[in-house]
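These notes are about the structure you will find just below.
The values are calculated or read from the model by the stated rules, or taken from the named source; none is laboratory data. Just so it is clear, the model here is predicted, and its values are computed rather than measured. Virtual Cβ from ideal backbone geometry, glycine too; neighbours counted across all protein chains shown.
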Ligand code: WAQ
Ligand code: MG
């Protein structure tokens, strides 16, 4: 579908200055009412009732729209957080994120990467080599926005993920976000784990690696989470990257190749072939 007939719908709910929930959709004109109606219970239904919810409906007419195939998805078998983070750091290393940067990113996510000590609303942007933080606002970070699955691709993806036991909405949403981010100008890789205390899985992703999931990147009960976008800062225009992440629309139009759960050794053996 041409961008002329598509709309970006964004929902954000908050209580005081605390972010409660958010959602991103890109849909055709005839789906707007249904999609908005579906976002309202999502905003209001959280444990913590928001005092303000903003829903934006924006035409993508005249704006650029990238069509992308979802990153290939694989889950790495890990027994605990230590193993998860250790393997995540090794995989980041394979695409050029220095050990120093990977460890610093993980330490900051664990601590709460915002200066206030909370989790950020958006992501850190970090130099893959030096670990220097480059985002302009360290409290908020950079929010990837204006992305979604096409209708056909999301149905197919949901079925494929269910077949390998992945039924949580977080996986489908994170895969779309990671696919958009991985195609950003100057992105080396992404690292993420949730700030939901009950959700321990996380991932590292890049255009070359695909989406590599880890069942444990943090301990259950821990409410500190976040995202880090690693970049090659000497080579990139940071403002162009932020514009891509926040403003340019991306529609994920093809489902991922889904691989069964494997060990780190199998992972490295397979990728070497
Ligand atoms: N752009 C940049 N950063 C974001 C965005 C965004 N649109 N949304 C959230 N973040 C940051 C923010 O710091 C959050 O605290 C953090 O990421 C985590 O967000 O099974 O659910 O929505 O494969 O809690 C990953 C594993 C789940 C999924 C990630 O993230 C799987 C997740 P959450
Ligand atoms: Mg969250």
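Overview of values
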| quantity | calculated |
| --- | --- |
| Pick from the range 24-50, criterion crowded, with 18+ Cβ neighbours inside 10 Å and under 24 Å from residue 226 (Cα atoms), ranking: farthest from ligand 2 (Cβ to nearest atom) | 26 |
| Where a residue in the range 117-139 is at positive phi and its partner, wherever it lies, is modelled with pLDDT of 95 or more, with Cβ under 6 Å and at least six apart | 131/100; 131/101; 131/104 |
| Filtered residue count, the range 119-136, keeping only those that are away from ligand 2 (no atom under 16 Å from the Cβ), farther than 12 Å from residue 188 by Cβ and not in a loop (DSSP other than H, G, I, E, B) | 1 |
| Exclusive hit being assigned to a helix (DSSP H, G or I), more than 18 Å from the chain's Cα centre (by Cα) and more than 10 Å from ligand 1 (Cβ to nearest atom), set 116, 110, 104 | 104 |
| Qualifying position, being in a helix (DSSP H, G or I) and closer than 22 Å to residue 173 by Cα, among 203, 199, 244 | 244 |
| Odd one out for residue 71, checked against (1) loosely packed, with under 15 Cβ neighbours inside 10 Å; (2) closer than 29 Å to residue 217 by Cβ; (3) more than 16 Å from ligand 2 (Cβ to nearest atom) | (1) |
| Candidates 36, 78, 40, filtered to the one that is modelled with pLDDT of 95 or more, away from ligand 1 (no atom under 16 Å from the Cβ) and either closer than 30 Å to residue 269 by Cβ or out of contact with any helix residue (DSSP H, G or I) (no Cβ under 8 Å at 6 or more places or on another chain) (or both) | 36 |
